[in-house]
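We did not get these values from a lab; they are worked out from the coordinates using the rules stated. Note that this is a predicted model, so its numbers are computed, not measured. All Cβ positions, even for glycine, are placed from backbone atoms using ideal geometry, and neighbour counts span all protein chains on display.
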Amino acid sequence: MLIAAAVVALWPREKEPQYQGKTLSQWLNMYEARGFARGGTPREKDQAADAIRHIGTNALPLLVTWLSTETPPWRHKALSYIPGRAPVFRALYRPCVKWLLSEDIRASETLIAFDILREDASPAIPQLLGLMNNTNARMSSFRAVQVLVKIGPNGLAALCSVVTNQTADLTVRSSATYFLGYAGTNAVGEIQILRDLLDNPKTPVNMRYASLMALEIIGQTAREATPSLLRALDDPDQRVRVLATNALQKVAPDEAPN
């Protein structure tokens with residue numbers, strides 16, 4: 001335990017871009033510390049968000065690196081062996097957990113940074129696509145999909161290129177399909193892609209599930225997909241029928257079965 005605490009304190013840090021004397025990590029911590037400190041006040045959040053925007057594209061190489069770093073499985077397993085109740089261990093518990101989950105915590109902060117940068121993060125799209133298509137790092141791939149949605153139209157176009165690429169990994173394509181649902185008001189051409197997936201009998205069933213869930217998230221903005229959803233009510237796959245019913249209740253409530 002003492003060794004782990006010392007590692008936390010002495011482990012060398014990456015060289016980070018700075019603004020007004022604070023590093024990118026410090027600004028992110030001020031904006032919204034996850035799990036180990038309180039969240040920032042509204043004023044602190046605004047100040048931190050402004051600082052992160054000033055750092056801008058200089059933050060992208062490090063953010064992509066943080067996004068691609070995965071917590072080794074043995075660290076998650078080690079959490080169950082840390083005694084946190086005994087007073088003698090209480091002071092060491094938090095720093096040990098913070099070290100064991102350091103990659104997860106940093107990745108969470110990275111998602112916040114991309115949410116702040118939005119379209120300013122577009123130069124990172126090629127690297128994010130590389131992460132997303134890395135089937136040997138599923139968590140990094142999943143995070144990259146989330147980030148591409150946050151970037152806006154350019155990120156959505158990149159996601160669509162993967163969704164429609166029939167040679168891409170099926171799990172990656174399904175994940176990308178689902179997250180098209182978070183396009184919000186930007187979902188225009190994406191709705192047609194989701195319809196095409198539903199209407200094509202050769203579409204893998206997992207992608208049909210993802211399409212239906214995405215349309216449910218989009219809601220009434222996707223009303224043009226109503227004919228495809230109605231056809232899906234007669235699908236031989238029971239889960240497709242259930243998901244189509246759920247989607248209709250959000251997309252076109254007046255068309256949904258009672």
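A simple spin-label model places pseudo-atoms 7 Å from Cα toward Cβ; at residue 15 and residue 161 they are separated by 3.1 nm.
Work out how much length residue 25 to residue 200 would gain on full extension: take 0.36 nm times their residue separation and subtract the Cα-Cα distance, in nm to one decimal. Walk me through the numbers on the way to the answer.
Values: separation 175, 0.36 × 175 = 63.00 nm, distance 4.58 nm.
In short, 58.4 nm is gained.
Shape summary: the range 103-179 maps onto an equivalent ellipsoid whose semi-axes, from the alpha-carbon gyration tensor, are 19, 15, 9 Å in decreasing order. By other beta-carbon atoms within 10 Å, ranking 50, 235 with the fewest at the front produces 50, 235. When peptides 107-120, 191-204 are sorted by average Cβ neighbour count within 10 Å, with the highest value leading, the order is 107-120, 191-204.
How big is D for the range 165-258, in µm² s⁻¹ as a whole number, if Stokes-Einstein is applied with the Kirkwood radius of its Cα pairs at 20 °C and 1.002 mPa s?
Reported coefficient: 168 µm²/s.
What is the packing order of peptides 158-168, 216-226, taking the mean over residues of other C-beta atoms within 10 Å and listing the highest first? Walk me through the numbers on the way to the answer.
Details: 158-168: 16.8, 216-226: 18.7.
Top of the packing list down: 216-226, 158-168.
Under 20 Å of direct C-alpha separation, and excluding same-chain neighbours fewer than eight residues apart, residue 250 reaches these aspartates and glutamates: 190, 196, 199, 216, 224, 234, 235. To the nearest 0.05, what FRET efficiency results for residue 134 and residue 246 with a Förster distance of 25 Å applied to their C-beta separation? The calculated FRET efficiency here is 0.20.
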